[in-house]
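A short write-up of the structure that comes next.
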Amino acid sequence: MPELPEVETVRRVLEPHLQNRIITEVQIHNPQVIAAPSPEEFAEDVRGQKIAAFARRGKFLRLQFESGDHLTLHLRMTGCLTLAPCGTPCGKHMHLAFSLNDGNELRYEDVRRLGKFWYTESGDADTSGTENLGIEPFDAALSVQYLREKCGQSRKPAKQMLLDQSIVAGIGNIYSDEILFAARIRPDKPCRELSEDEFERLANTIPERIKFFIEKNAITFEEYTAAEGREYRNTPFFQVYGKAGRPCPICGGTLKRIVLGGRSSVFCPHCQQ
Ligand SMILES: [Zn+2]
């Protein structure tokens, strides 16, 4: 599933091509991807809207309209957004397309059809789940005190705390492994046993790692389009994720894999105490 750095990449690549465009038509090929309101209302409400900004919150994307209304979307496992000239051939997994007044269309493709779109009128409550998200990794409020308050009494493993979207939004299985490795904390260490120094390292490495991977993900619009919106991951830069059994990049010991709450986690038993 795309995590914050990948979602941010999509946002950065597409925003300049969406800003100030007007959505002239909405084609719904698969109503299943529309979470709210009904597909008919969705199409009617979105048609004619002018895009003011393309924003991100956690792993969610948001088309902010000049009217004050907005459209929230979540790519889930296999959702892809692409931009192509209207009427050019599209794949069989295209579920939704927004025609723009510049002759292009914003397409949503999704093999597994798990992604969702929510349209929210200005002043109404957004039901996408974004209202329950915790702070962003770059929020100045991310501090030792904040993390302690949220999980300092919890038996939950540190890994699960990082995956909890209501604490810090946007981190998933990949970047939680990378953050814990950089912070030298075992993924299964209960939050209430984390020292002041460990909380400090977490508060520092969360924004540092996320920023690092956003920068490594940088891709041009042409590269993004050539890969049909699918390839924008920084695989060569992972230190531990997906590398169980391979040598630790710091000490050379063997990286181990454990399963916590149904999610696998890779770490170095020597460097992460
Ligand atoms: Zn190591």
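The values are calculated or read from the model by the stated rules, or taken from the named source; none is laboratory data. All figures in this text were calculated on a predicted structure; none of them were measured in a lab. Positions of Cβ are backbone-derived with ideal geometry, glycine not excepted, and every protein chain shown enters the neighbour counts. All accessible areas refer to the heavy atoms of the entire protein, side chains included, with ligands and DNA or RNA removed. Shrake-Rupley method; radii C 1.70, N 1.55, O 1.52, S 1.80 Å.
At a glance:
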| quantity | calculated |
| --- | --- |
| Total residues in region 141-180, condition open to solvent by less than 30 Å² (accessible area, probe 1.4 Å) and among the charged types (D, E, K, R) | 3 |
| Some residue of region 223-240 being in the same structural domain as PHE199 (by TED's automatic domain parsing), within 13 Å of the ligand (Cβ to nearest atom) and assigned to a loop (DSSP other than H, G, I, E, B) | yes |
| Qualifying residues in region 211-222 (those that are buried (at least 17 other Cβ atoms within 10 Å of the Cβ) and outside any helix (DSSP H, G or I)) - the one farthest from the chain's Cα centre (by Cα) | ILE219 |
| Those residues of region 87-127 which are of a type in the set (Gly, Ala, Ser) and touching a His at 6+ places or on another chain (Cβ under 7 Å), in sequence order | GLY115 |
| Index of the failed condition, VAL168 passing every other in (1) more than 16 Å from the ligand (Cβ to nearest atom); (2) out of contact with any strand residue (DSSP E or B) (no Cβ under 8 Å at 6 or more places or on another chain) | (2) |
| Failed criterion for PRO249 (all others in (1) out of contact with any strand residue (DSSP E or B) (no Cβ under 9 Å at 6 or more places or on another chain); (2) farther than 30 Å from LEU18 by Cβ; (3) more than 16 Å from the ligand (Cβ to nearest atom); (4) without any contact (Cβ under 8 Å) to a residue 60 or more places away in the chain hold) | (3) |
| Residue check, ASP124 in the same structural domain as GLU15 (by TED's automatic domain parsing) and open to solvent by 60 Å² or more (accessible area, probe 1.4 Å) | yes |
| Identity of the residue in region 259-273, closer than 16 Å to ILE185 by Cα and open to solvent by 40 Å² or more (accessible area, probe 1.4 Å), that ends up farthest from the ligand (Cβ to nearest atom) | VAL259 |
| Strands (runs of 3 or more DSSP E) contained entirely in region 12-121, each with at least 3 residues that are in contact (Cβ under 8 Å) with a residue 24 or more places away in the chain, open to solvent by less than 40 Å² (accessible area, probe 1.4 Å) and farther than 21 Å from ALA227 by Cα | 51-57, 70-74, 116-120 |
